[in-house]
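Working notes for the structure below.
The values are calculated or read from the model by the stated rules, or taken from the named source; none is laboratory data. The structure displayed is predicted, hence computed values, not measured ones. Glycine also receives a Cβ, built like all others from the backbone with ideal geometry; neighbour counts cover every protein chain displayed.
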Amino acid sequence: MSLKRIAAAAICLATLAVPGTAQASTHSLAGAPIASADVVLIWNGTMVDALLAAHTPAQTGTRVGAIVQTAVFDAVNGITRQYTQYRGDVIGAAAPAGASPAAAAVGAAYTTLVALLPSQKGMFDTQLAATLATNPGQSTARGFTWGQSVANAILALRSTDGFTTIPPAYVVGALPSWQPAPPAFAGPVFRQFATMTPWVMTSSSQFDPGLPPALTSLKYTHDFNEVRDLGSLTSGTRSADQTEVAEFWAGKFDTVATMWNRVADSLAARPDRSLTENARLLALMNIAMADAVIAVWNAKNTYNTWRPITAIANAGIYDNTGASPDPTWLPLLPTPPHQEYPSGHSGVSSAAAAVLASAFGQDTHFVASSDGVPGVASTTRSYASFSSAIAEIAVARIAAGFHFRFSCDTAAIMGSQIAGYATATQMVPLHHGGEVHLGGGG
């Protein structure tokens with residue numbers, strides 16, 4: 001579909017519907033479908049579908065989410081003028097008078113997604129056809145073109161963020177530092193994220209967690225024993241539910257990026273929430289997750305700690321656990337090919353949960369879904385609060401056999417701090433005259 005034809009089309013604001021095709025997203029959770037007129041949520045669902053279809057890794061997925069949703073927010077808010085812009089300084093020009101905010105959201109989402117996930121362009125064209133009509137309108141054309149221009153500015157901004165940088169060759173150090181582990185004996189991967197340009201943080205080390213517990217400490221011994229017993233492939237203490245929890249949060253093609261965006265969509269699908277409010281929510285959550293990846297990978301590269309499989313194989317040599325080396329020990333799930341401390345999943349999930357808690361309240365009930373449990377296409381789990389989900393994720397990573405509890409707890413604090421910083425400094429409500437502040441993103 002040509003951009004000229006797209007720009008000439010009109011948003012069906014009154015009768016917008018999403019067809020029931022495999023490619024068009026209706027994204028619902030626990031039977032709560034997204035309101036059809038909210039194109040921000042519809043296109044966020046399309047982004048999730050595309051990330052899954054492309055088998056996008058979690059780290060890359062958070063970057064995609066942040067680019068898409070900051071572009072959507074700045075496009076919509078540039079017209080509605082309710083909050084400070086995320087990066088009005090790089091967008092420059094003001095939105096044209098009379099531009100449609102919904103059309104701007106579609107233009108920004110479509111443009112960024114095609115650029116970032118070109119293999120899924122067919123999906124995006126299908127969704128575009130579902131949200132556009134054939135009768136052109138000046139408001140729609142202006143909005144779509146504005147959304148495109150904002151998207152291109154955000155894409156240009158992040159084109160030099162270090163994502164494609166190839167780090168120097170990694171040299172495996174002596175024990176007890178990180179060592180390649182089975183089954184891949186590869187890595188450590190995604191090291192370039194440690195030096196990527198942050199989204200809101202002042203630097204990748206702004207929320208550095210400090211050293212992990214000493215190998216000779218009581219804390220290390222306690223957490224060593226826990227993961228050795230609970231996370232073993234042949235564990236006699238891990239319950240069936242703990243096994244399912246580990247599989248659920250590990251996902252098959254689902255990642256923290258897809259799972260938490262689905263949660264956000266389900267909670268934001270309320271008639272009392274505006275297009276701009278939902279654009280802001282998704283932008284804040286996705287940049288908090290993206291910065292959590294950067295902060296966690298900076299710490300992983302800095303402290304370079306071994307995984308439980310290596311620690312258990314060398315038990316009693318460098319620590320005070322009193323255990324004997326067990327080179328036959330295997331975890332429940334394959335060990336990720338990067339350093340252990342701090343936990344990426346706990347850090348990124350905590351960032352997402354903290355943003356959502358700030359919008360809906362800590363004790364909000366929600367449902368998450370995952371493709372990670374073998375034998376079924378999708379499984380759901382319910383939570384009475386965001387904190388209960390983060391606590392369960394820590395158990396999931398320990399039961400999977402590739403994280404110590406201190407790593408999960410430390411990362412959860414990091415994620416919460418990053419989310420708090422993002423919500424306090426970015427996209428803040430305007431309290432004067434409706435003029436958009438051309439702010440920077442830190």
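Values for this structure:
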| item | result |
| --- | --- |
| Scope the stretch 390-416; condition buried (at least 21 other Cβ atoms within 10 Å of the Cβ) and closer than 19 Å to Leu284 by Cα; matching residues | Ile390, Ala411, Ala412, Met414, Gly415, Ser416 |
| Pair list, Cβ < 7 Å and 6+ apart or interchain, from the stretch 395-418 residues that are of a type in the set (S, T, N, Q) to residues that are assigned to a helix (DSSP H, G or I) and buried (at least 24 other Cβ atoms within 10 Å of the Cβ) | Ser416/Ser350; Ser416/Ala354 |
| Residue check for Arg397: touching a Cys at 6+ places or on another chain (Cβ under 8 Å), of a type outside the set (Asp, Glu) and within 20 Å of Thr305 (Cβ to Cβ) | yes |
| Selected residue [of a type outside the set (S, T, N, Q) and modelled with pLDDT under 95] from Leu157, Leu128 | Leu128 |
| Output for the stretch 83-138, where each listed residue is of a type in the set (Gly, Ala, Ser), part of a helix (DSSP H, G or I) and in contact with a strand residue (DSSP E or B) (Cβ under 8 Å, 6 or more places away or on another chain) | Ala102, Ala103 |
| Lone qualifier among Ser346, Ser324, Ser387, Ser378 - being under 16 Å from Ser416 (Cβ atoms) and surrounded by fewer than 24 Cβ atoms within 10 Å (Cβ to Cβ) | Ser387 |
| Filtered residues of the stretch 186-202 (kept if free of Cβ contacts under 8 Å to residues at least 40 places away in the same chain and not hydroxyl-bearing (Ser, Thr, Tyr)) | Gln192 |
| Criterion (assigned by TED's automatic domain parsing to the domain that holds Val114 and closer than 23 Å to Thr197 by Cα) met by exactly one of Thr70, Thr80 | Thr70 |
| Checklist (1) part of a helix (DSSP H, G or I); (2) over 26 Å from the mean Cα position of the chain (by Cα); (3) of a type outside the set (S, T, N, Q) applied to Gly173, failing item | (1) |
| Selected residue [surrounded by fewer than 11 Cβ atoms within 10 Å (Cβ to Cβ), within 23 Å of Val293 (Cβ to Cβ) and in contact (Cβ under 8 Å) with a residue 60 or more places away in the chain] from Ala156, Ala169, Ala181 | Ala156 |
| Residue in the stretch 68-90 that is surrounded by fewer than 23 Cβ atoms within 10 Å (Cβ to Cβ), of a type in the set (A, V, I, L, M, F, W, C) and in contact (Cβ under 8 Å) with a residue 12 or more places away in the chain present | yes |
